[in-house]
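Notes for the one structure printed next.
The values are calculated or read from the model by the stated rules, or taken from the named source; none is laboratory data. This structure is a prediction, so every number in the text was calculated from the model and none was measured. Here the Cβ is made from the backbone with ideal geometry for all residues, glycine too, and neighbour counts use every protein chain on show. Keep in mind that these areas ignore ligands, DNA and RNA; they rest on the heavy atoms of the full protein, side chains included. Shrake-Rupley method; radii C 1.70, N 1.55, O 1.52, S 1.80 Å.
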Amino acid sequence: MTNVTMVYFSPNGTTRRTLQYLAAGISRDCRQLDLTPFAGRWGKYYFGPQELVLLGLPVYRGLLPAISEEYFRCLQAEQTPAILVATYGNRAYGNALLELKEKAERCGFSCLAAVAAVGEHAVSREFAGGRPDAADREILFYFGRRILDKYLQQGRGTLPAVPGNRPYEQGDLSRTPLITDGNCNNCGTCAAGCPVAAINPADCRETDTRRCIGCMRCVHNCRRQARFLEKSHYDRIVAMLRKTAAIRREPELFL
Ligand SMILES: Cc1cc2nc3c(=O)[nH]c(=O)nc-3n(C[C@H](O)[C@H](O)[C@H](O)COP(=O)(O)O)c2cc1C
């Protein structure tokens, strides 16, 4: 088996876990390239035709996060077979797989398979809490085996169409109103972990809203629960998700 590498942007870890479960069905020895840290996206990484790469990103508003531009700028492939993975919070993945396929191909990848998988919704655990769970893990392992079969039979792949429409709808581009309250002791955890360096390390209450992508990592990482989404914004999202994300969706494979 050739080199297998998983490349991911995963502020809250569900995309990383999804890739690990999928990769388990493909190879025992999978390398990891974590493009979540701000400092991780300055290098350039090359992949040859004999390698196999899993490319994972979360879905934001039915698309890839804007950070995907930087993610792909780091990568250069030479007809490298790729497995595309979009992780979404049980509502909808919209055009994310199509966008992922187009961006991967532009980078030189030759797409072999695509997976839409469900991960705990970053805004509220009420939606897909704990996912990917044990059942997802089994399904993803099985998907991995099926992808491996295709790879061994065909080498580099031709992926049929994935769901999605052009032009991509941009959706709601309003900024995510994140708030820091008096519980903050300026410990710096949020700033150190912010994947886009949007939080001032000298004063954690200062967030550059033009940089912030609303990933919620700072909210989850805060040990004093001093960071949260502005309440009316949070309530609006949760009300929308109760209508659209209540019924369990299962991982999908496109091969
Ligand atoms: C700004 C933002 C937008 C999101 N948009 C969607 C969406 O359109 N559909 C959906 O099902 N989940 C959506 N989610 C949920 C994420 O896709 C989900 O939580 C994903 O598992 C996060 O990946 P990570 O754990 O690797 O960061 C959104 C989350 C955030 C923070």
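Apolar share of the accessible surface for the range 162-255: 51 percent from carbon plus sulfur atoms, 1.4 Å probe. Among beta bridges from DSSP that stay inside the chain, the antiparallel ones total about 20%. Once the 1.4 Å probe is applied to the protein heavy atoms, the range 145-246 comes out at 63 Å² accessible per residue. Working ranking of peptides 241-254, 22-35 by packing, defined as the average number of other Cβ atoms within 10 Å per residue, highest first, is 22-35, 241-254. Computed about the Cα centre, the dipole magnitude for the chain is approximately 240 debye when only Lys and Arg (+1) and Asp and Glu (-1) carry charge, each at its Cβ. Note the full-extension length gain between ARG166 and ARG224 as 0.36 nm times their separation in residues minus their Cα-Cα distance, in nm to one decimal. Additional length available on full extension: 16.6 nm.
Sequentially through the range 50-58, phi angles give Karplus couplings (6.51, -1.76, 1.60; θ = phi - 60°) of 8, 9, 10, 10, 9, 10, x, 8, x Hz, Gly and Pro residues having no value and appearing as x. Search the structure for amide H atoms under 5 Å from the amide H of SER110, placed 1.01 Å from N in the peptide plane, and list their residues when 5 or more places away or on another chain. Answer set, sorted by chain and number: THR80, ALA82.
Note on the chain: helix-only mean residue ellipticity at 222 nm, from DSSP H runs of 4+ residues weighted -39500 (n - 2.57) and normalised by residue number, equals -8500 deg cm²/dmol. Quick one: grab the alpha carbon gyration tensor of the range 19-112, order the square roots of its eigenvalues as a ≥ b ≥ c, and give me rounded if a/c is under 1.5, else prolate or oblate depending on whether a/b is larger than b/c. Rounded, since a/c falls under 1.5. Using a Gaussian network model of the chain in which every pair of alpha carbons under 10 angstrom is joined by a spring, one finds that among LEU54, LEU148, LEU97 the greatest mean-square fluctuation is at LEU148. Residue by residue, the range 31-48 carries 3J(HN,Hα) couplings of 7, 10, 10, 8, 9, 6, x, 3, 6, x, 9, 9, x, 10, 10, 9, 10, x Hz when phi is fed to the Karplus relation 6.51 cos²θ - 1.76 cosθ + 1.60 (θ = phi - 60°); x denotes Gly or Pro.
What's the lysine pair count for the chain at a Cα cut-off below 21 Å, pairs eight or more apart or interchain?
On the way: LYS44/LYS101; LYS44/LYS103; LYS101/LYS150; LYS231/LYS243.
So the count of such lysine pairs works out to 4.
Averaging 1/r over every pair of different alpha carbons in the chain and inverting the result gives a Kirkwood radius of 18.7 Å. Can you give the FRET efficiency to the nearest 0.05 for TYR234 and THR158, using r as the Cβ-Cβ distance and R₀ = 45 Å? Taking R0 as 45 Å, the efficiency between TYR234 and THR158 is 0.55.
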